[in-house]
Every structure is written in C-alpha cells, then in structure tokens.
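Student: Dropping the structure in here first, questions after.
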Amino acid sequence: MKLNTKKFALLLSIMFFTAYAAVAQNNPVTNSSTTKNTTTMKTYLIERDIPDAGKLTPEQLKGISQKSCSVLKDMGPKIEWLQSYVTGNKIFCVYRAESEELIREHAKKGGFPANVITEIATVISPATATQ
C-alpha cells in the first residue's frame, strides 16, 4: 500500500496528538495495555470513508457518537473508543480492543464503515526526542 505524504503526515499527527492527550491524562497509550479485567488490549487506528464527513453538523456527530457508545456498551469491556478525528471525507478513530475482529463487529453493529484497520505498533511524540 502506497502512503502519500499528506496521509502520512495526518497519521503522524493523529498519533502524536493521541500520545500527548494520553500523557496529559496520565494514561499512556501503548501498543498493549491491561484493563482491570486483565485483558490484553491493542490500540488500533480505524479509517472510515464517509463522504463529506467534515460537513456533518454537531447534531449528526452527536448521533454517530451516541450510536457508537451504545454498541460499545452492549459489546462489553473488550473494546474501547478513545477518540476520533473528522476530516473532509474520512473519520479516523483510535480504539483499544482485544482484536481486529471486535473493531469489525462494532462497525457492522453500528452501521459504520471500517475501511482500513491498522494496529498501532508504538506511539512516538516530541517527548520521544528527549527520552
């Protein structure tokens, strides 16, 4: 898969922001983390192709968020939504889950596309340069 410069820069920005937000919350994002149920969770970046996603209204985004949260609640603690980034024709989501299959199940139950699912191997940020 060829990754163009703009897409690579966007993905790096997403990962940097995710790492920054996690550190700010004193909750580091790593490739694998353990929940209170001692379940191994991996971190995934989900690319959702949604035409005109950047034009969705706050009410529409709220509805999408509510649907996602409802599905996640029904699925249990093996999958967790961290945050999403809305762009022109895509929404990039960061999730923790036991497996890619759970990401696909969430997408199917919620009626959301999950066009590309990528496991995040590690997270770097500006702080990485000083460690």
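Student: Listed residues G76, G63, G54; which is modelled with pLDDT of 95 or more, exposed (fewer than 14 other Cβ atoms within 10 Å of the Cβ) and at positive phi?
Tutor: Details: G63 fails: at positive phi; G54 fails: at positive phi.
After ruling out the rest, the residue left standing is G76.
Student: Return the residues of the range 79-131 that are closer than 15 Å to D49 by Cα and hydroxyl-bearing (S, T, Y); say none if nothing qualifies.
Tutor: Passing the criteria: S84, Y85, T87, T118.
Student: Same structure, new question: How many residues are β-branched (V, I, T) and touching a His at 6+ places or on another chain (Cβ under 9 Å) if we restrict to the range 47-74? Spell out how you get there, then give the answer.
Tutor: Initial filter on the range 47-74 (β-branched (V, I, T)): 50, 57, 64, 71.
Next cut, touching a His at 6+ places or on another chain (Cβ under 9 Å) only: 71.
Looking only at that region, the number is 1.
Student: Just give me the residues in the range 71-99 being more than 12 Å from the chain's Cα centre (by Cα) and touching a residue at least 24 places away in the same chain (Cβ under 8 Å), in sequence order.
Tutor: The answer is V71, L72, D74, M75, P77, K78, T87, G88, N89, K90, E98, S99.
Here's the yes/no breakdown for (1) at pLDDT 95 or above; (2) buried (at least 16 other Cβ atoms within 10 Å of the Cβ); (3) more than 19 Å from G63 (Cα to Cα):
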{"position": "Y85", "(1), (2), (3)": "yes, yes, no"}
{"position": "I91", "(1), (2), (3)": "yes, yes, no"}
{"position": "Y95", "(1), (2), (3)": "yes, yes, no"}
{"position": "L102", "(1), (2), (3)": "yes, yes, yes"}
{"position": "A107", "(1), (2), (3)": "yes, yes, no"}
{"position": "T118", "(1), (2), (3)": "yes, no, yes"}
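The values are calculated or read from the model by the stated rules, or taken from the named source; none is laboratory data. Model, not experiment: these values are computed from the prediction. Ideal geometry is used to build each Cβ from the backbone, glycine not excepted, and the neighbour counts take in all protein chains shown.
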